[in-house]
Each structure stands twice: as C-alpha cells, then as structure tokens.
Amino acid sequence: MVDKTGLILGIIVAGIIAAFAAVNVSYTLDLIFFLAFYAIAALSLNLEYGYAGLSNFGKVGFIAVGAYTAGVLSAAYGVPFPLCLIAAAIAAAAVGAFIAIPTVKLREDYLGMSTIIIGEMIRILLRNTPTNSVWGGVFGLRGIKPPFDFITNTFERTIAYVGLSVVLFFFTYILLERWGNSPLGRVLKSIRDDELASKSIGKFTYRYKLLALTLGSALAGLAGALYAFYFLYLNPDTFLPLVTFLIWVMVIIGGMANNAGVVLGTAIVILINRLTQIAKDYIHLPLEPNYFQAMLVGLLIILFLMFRPQGLVPEKPVRTPAWRVLEERAPKEIDYLKEGEGGEENE
Amino acid sequence: MSEDYILKVEHVRKTFGGIVALDDVVMGVRRGTMTALIGPNGSGKTTLFNVIAGVYKPDRGKVYFDGHDITGMPPEKIYHLGLVRTFQIPRMFKGMTVYENVLTAARNNPGESYAKSLIRSIWKRAELGIANKAVDTMKLLKILHIAKNLSSAISGGQMKLVELARGLMSDPKMLLLDEPAAGVNPTLAHEIFKFLRHLRDERGMSMLIIEHRLDILFDYVDYVYVMHRGRIVAEGTPEEVSENPVVVEIYLGEA
Ligand SMILES: Nc1ncnc2c1ncn2[C@@H]1O[C@H](COP(=O)(O)OP(=O)(O)O)[C@@H](O)[C@H]1O
Ligand SMILES: [Mg+2]
C-alpha cells in the first residue's frame, strides 16, 4: 500500500527533477548521482538506526573509508574498478565491525560516542599525514582511474556511470526491502524497541546488532567508492560531520524503518540544498547562503521532531506471508467475541 | 530428588549496593506443577525471577534448570533451553503490531538470518507454520481481535496477554510469570489461571508464578513459596501456607 503523503511528495520530487532535466542535462545527471549516493548512505543508516536502533553518528567516516580504499587501490595500484568497489565495501565493513565489537554490548550512548569519534578521526588521520603518502594528505588523492574508460565520449561515460550508480541504489533498496520485510525485520525492530525483551524471547541481539553495523558500513563504503569514481579526486575535508548530519535528517524526515520514506527524505534534503544554491544567484540574502542552507535543514529537523516524529512516510508492519494467514483465519475465528467476554477488550 | 525438580535455586544471594534483595534463597519447582511465589511488595520476587532468567548474576549461589547449570547464563540462551519468562511491567515491541509481537517470539525461524531472509522460499513454509501457531495462541488468549493494533496502543491487561502469548510461542518447558493477572478484572484473571492450568494438565508445562491476588491464585497452584525481605520464610500447599502464622503475620504487618 502506498502512503498518500508519500505518493504526492514523490510525484512533486519527480516533477522537480524532470524540470531540471528539461533545463540542463548534465546538471540533472549530477543531481541524480547525488541522489543515488546519498540514498545508499541513508538506507544504510536506516538499517542500523531505523530497524536495529543503533545510533551511528559517524556515517561519514565509513563513507570515507570506502572512498579512500577504492581511490587508493585504483590510483596507486591500478586495481580494476569493480574490485575497488568490493574492496571498499569490505574495508568499511571491517571498520564497522571493529567499532561494533566492543561497543554494541555496552549502553546505547557508548556506540553513539564512539561512532562520532571514529567519524572525525578518520578525516583527521587522512588529513594529517604527509602529502607524499599514497592518499596525499591534505592535498587529497589524485589519479583515480576513470571507470568505463572504453567509452571515449566523456558525456556518454558520465551517463553510464550515473546509470551504474542508480543500479547500485536499486540493489541497496531491494536488499533493505527484503531484510525489512522478513522475519529478520521483526527481530531487528524488536531489538530497537526493547532489547531485554528481545533477548528474553531468545534473540541473540549482540550478533544481530554487530551484523547490522557491519553490513550498514559495507553499504556506506560502497557509496564512498561510488563517490571516489565520480569525482576521480578525494579530499579529506569533503568528509565533514555535516554529511552525517544530512544523512540523519534524510532518515528522520523520510520515516524511520521505511525505505521508501528514506528515499523520499533523501530527495527532499538534496533538492532543498540544490534549490537554495540556485536561489542564491537570484535572491539577495542578508547572510551567507551556506549557513542559510544549514539553518533551513536544521529548522526542518526540529519541526519534524516536534510535529511529525514518525516522518513523512510512517513505519509499516513487516510484510511477510504471515499476514495472509491472519486475513484468512481471523474472520472465522473471531466469533468467540460474541460469546461475551471479561470486558477487557475496551481500552 | 533433583530429578523431579525442573528448577532448583540454591543459596542465591543478590545485593544492590547496600540492599540485600535476595538472601540465601533455596527453592525449587517440581516438574509439571504450578508453583507460586508470593510475598509483600519489595520482598525480592521479581529480583529472583531476574536472577533465574539471566538478567542478573547472583553474588552467590546456583540456579539449575532441567539438568543445566544456568547460573549467570544470558537470557537468550536460557530461552533456548526451554525456560521463558514474562515481565511484571509488560515490555512490548511498541513499534510493532500485536501480531508481529507474537510472531517474533517463535523459535527457530530460518528467515531471521541475514542471509536466509533474502530468499523467501527458504523461510516461507516455516513462517506460515508460525503464523498459524500465532493465530491459535492469540485465539486461545482472546487477543485475536487486536492482532493488527499497534502493541503500544492496547490496554495494560491486553499487554499482559501479549506477554503470555509471546511466552507460549516457543512451547517452553517452563514459564516464569510475573503477575500474569495484574491489572485485569477478576473474571479474566480466573480465565487466565484456568488457561495456565490447562497448559499444565495438557502439555505438562511447569510454572513459577508471582501473583498478589492470593484469593484467585490459591485456587489453582500446587505449591507456594513465601518470600519476605529477600528470604523464603514459608512454603507448602496453599492450605498449609494460608494457615501458617508466619505468613499471616507478614501479610497483616504489611497492611
Ligand atoms: N535494579 C535494582 N537496583 C537496585 N535495587 C533493586 C533493583 N531491583 C530490585 N531492587 C530492590 O530489591 C528489592 C526487591 O525488589 P523486587 O524484587 O522488585 O520485589 P518484589 O518483586 O517482590 O516486589 C527492593 O528493595 C528493590 O528496591
Ligand atoms: Mg515484583
């Protein structure tokens, strides 16, 4: 079932993108790439936070690990593009597991703190190494080999690459939908809602949380690799905490534990960013436009947390064939209600 | 002797800072019985449940379940041995419906693995079986009509029933029930206890039940332990216990 608000907003978003496309094709390609990149990252946070309730405040760090793994392998070692993508996901997953192992067993806030720290630490490490290191320190990483270099026309090459990014976005979306609409989805939500109760019905919550962070980090790493091969250049200061913040906003305004909602949230945040960027050329603002963007997004999140904490597209029950059993049996079985009851059914 | 006891608690002590919540507790539950644990508020009943179910490690003493030493074992492992508990204050998975709460409590659903969940054909059959069982259980407990409600949006009494339904989904050997009839009207309370008696008689399930409403409780249980200030101060059949002057004094003292 499609949520009405979600559908209407989805159409509006699609309309705006189509309008962009009519005006400027390469600008639109760029927009589509960013949508795919951020949607993969936001979906990975949805797995961790929306489903499993794990507060990962260092998302950008895992994206950076993926980006730099792919970039260094390509630029310094000439590793083929597809292998770089896989290596990026594995490297980010390893860092995710490394952080999850000691923290996931502890209280929730420890995970939040360690991820904030790791997110910034990765950027600072990348930045404060000599410029002659393979990743170039503060000068950044150059020389990433362009993928699809057998396509000679650069415009066509961009189309192919953006197309691949969209395919990987769909892959991520389908993966999340499968996980979310399976018995696993229920277990993750049970951990999010009440971990002790989840343990008491036999769920090995530690393992589930560890894997959620590991797999979520793998997806973030994949997004990072896509970023690296799009720009063919990486700078540590691209991976600021602001990126993590934006991804959180996407998940919160879109709707936690709702993948379609998260994609919608991604589109809205990105479009706000783009539209304010365009607007600044036409409207004279009394303040620095970049601050204005941050303020706008900040205001948005406050409004959502206050008035619509469930997000634009609220969470839905986990869809499995079990619902069919209920639909078939409940109408027949529910007769007992008529036999007169203790009176507990009224709230 | 230990053979016909499914649960044995031996010399368990548990302190919280300066508070001695459990002090040398020795008790047991015979296989296939409904055993009660009573005592005034704050006497340590819930703490004993938490020690048995693996939430707290005892400072001293041992807990045995069905031939296994489960002292300090984590709750999820104890569950898989066949010992399932419910909570005094219901702990719902509040973002999920009643139905999903019950479904989640099934044992060994192959679709709960990250890899297998991706291929529906692997887990579909098991899921359908679990779904039928969940409907059966909700029907027995008369919560089928609220199956689609969000579990945070039902009454406290209904939450107690959802707790019980979740507990039953794994066909446990033994249930630890912390005030299963608290907050429900007397008619429903009797129905709950009749249902528990049915589980004992038909499925041979063992139970340890904390309950405040002795009038209802004593009609159903086989054996009673009385707790006071962290110690077991009396035990026996409901008749013996209700005539025990120590017990009468404790309950009079409380009022
Ligand atoms: N987690 C805890 N931390 C500190 N004190 C506790 C804790 N749990 C229980 N207690 C104390 O242990 C005693 C027994 O509590 P409890 O087991 O809940 O009693 P009952 O269930 O019999 O009413 C009380 O004095 C209570 O305050
Ligand atoms: Mg209690």
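What follows draws every value from the coordinates through simple rules; no lab data is involved. A quick note: this is a predicted structure, and the numbers were derived from the prediction, not measured. FYI the Cβ positions are ideal-geometry reconstructions off the backbone, even for glycines, and counts take in every protein chain you see.
Equivalent ellipsoid semi-axes for region A:230-332, as square roots of 5 times the alpha carbon gyration tensor eigenvalues: give them largest first, rounded to whole Å.
Values: eigenvalues 284, 59, 26 Å².
Square roots of five times the eigenvalues give 38, 17, 11 Å.
Only DSSP H runs of four or more residues enter the estimate; each adds -39500 (n - 2.57), and after division by the residues of chain A the mean residue ellipticity at 222 nm equals -24000 deg cm²/dmol. Against the longest alpha carbon principal axis of chain B, how many degrees, from 0 to 90 and to the nearest 10, is the axis of helix B:245-254 turned? With rounding to tens, the tilt is 70 degrees.
Applying the Karplus relation 6.51 cos²θ - 1.76 cosθ + 1.60 with θ = phi - 60° to region B:214-229 yields 3J(HN,Hα) values of 5, 4, 7, 3, 5, 6, 10, 8, 8, 8, 9, 10, 10, 10, 8, 6 Hz, where x marks Gly and Pro. Sequence-distant contacts, meaning Cα pairs under 8 Å at least 6 residues apart, place the relative contact order of region A:195-347 at 22 percent. Spin-label model, A:I117/A:E333: points 7 Å from Cα along the beta carbon direction are separated by 5.0 nm.
In region A:4-340, a dipole from Cβ-located charges (positive for Lys and Arg, negative for Asp and Glu) runs towards its positive end, and of A:V79, A:A39, A:S165 it is A:V79 whose Cα lies farthest in that direction.
Considering Cα pairs under 8 angstrom that are at least six residues apart, work out the relative contact order of region B:93-170 and quote it in whole percent.
Rounded, it is 49 percent for region B:93-170.
Kindly express, to the nearest 10 degrees and within the range 0 to 90, the angle between helix A:154-180's C-alpha long axis and the longest C-alpha principal axis of chain A. Its long axis makes an angle of about 20 degrees.
Taking θ as phi - 60° and the Karplus parameters 6.51, -1.76 and 1.60, the scalar couplings of region B:16-26 work out to 10, x, x, 7, 8, 7, 9, 10, 6, 7, 10 Hz in sequence order, x denoting glycine and proline. Inter-chain neighbour count for B:136-145: the average number of beta-carbon atoms from partner chains within 10 Å of each residue's beta-carbon is 4. Taking amide H atoms as placed 1.01 Å from N in the peptide plane, the amide H of B:M227 lies under 5 Å from those of B:I38, B:G39, B:V233, each 5 or more residues away in sequence or on another chain.
Look at the alpha carbon pairs under 8 Å that are at least 6 residues apart: their mean separation over the length of region B:17-109 gives a relative contact order of 18 percent.
Counting Cβ atoms of other protein chains within 10 Å of each Cβ in A:315-322 and taking the mean gives 6. From its DSSP helices (H runs of at least four residues, each -39,500 (n - 2.57)), chain B gives a residue-normalised ellipticity at 222 nm of -11000 deg cm²/dmol. Axis angle, to the nearest 10 degrees, between helix A:241-254 and the longest C-alpha principal axis of chain A: 30 degrees.
Annotation for region A:98-154 versus region B:171-193: alpha-carbon center distance of 54 Å.
Size descriptors for region B:93-170, from the alpha-carbon set: Rg then Dmax equal 12.7, 38 Å.
From the alpha carbon centroid of region A:210-272 to that of region B:2-65 is 48 Å. Compactness of chain A was expressed as the Cα radius of gyration divided by 2.2 N^0.38 Å, which yields 1.09.
Report the charge-dipole magnitude of the protein assembly as shown in Debye, nearest 20, computed about the Cα centre from +1 at each Lys and Arg Cβ and -1 at each Asp and Glu Cβ. It would help to have the intermediate numbers written out before the result.
Values: 58 positive and 55 negative charges, 363 e Å.
Charge dipole, the protein assembly as shown, about its Cα centre: 1740 debye, nearest 20.
With the highest mean first, a sort of the peptides A:52-59, B:155-162 on other beta-carbon atoms found within 10 angstrom per residue produces A:52-59, B:155-162.
Taking amide hydrogens as placed 1.01 Å from N in the peptide plane, the amide H of B:Y5 sits under 5 Å from those of B:R31, each at least 5 positions away in sequence or on another chain.
Taking every residue in B:77-86, how many Cβ atoms of other protein chains lie within 10 Å of its Cβ, on average? Don't jump to the answer; show the numbers that get you there.
Details: counts 3, 3, 5, 2, 1, 0, 0, 3, 3, 2.
What the average comes to for B:77-86 is 2.
Shown in residue order for region B:88-97 are the 3J(HN,Hα) couplings computed by the Karplus curve 6.51 cos²θ - 1.76 cosθ + 1.60 at θ = phi - 60°: 4, 9, x, 10, 7, 7, 6, x, 10, 6 Hz (x for Gly and Pro). Quick one: which of A:K105/B:K139; B:K8/B:K142; B:K14/B:K77; B:K94/B:K139 span more than 25 angstrom between C-alpha atoms? In this structure, A:K105/B:K139; B:K8/B:K142 exceed 25 Å between Cα atoms.
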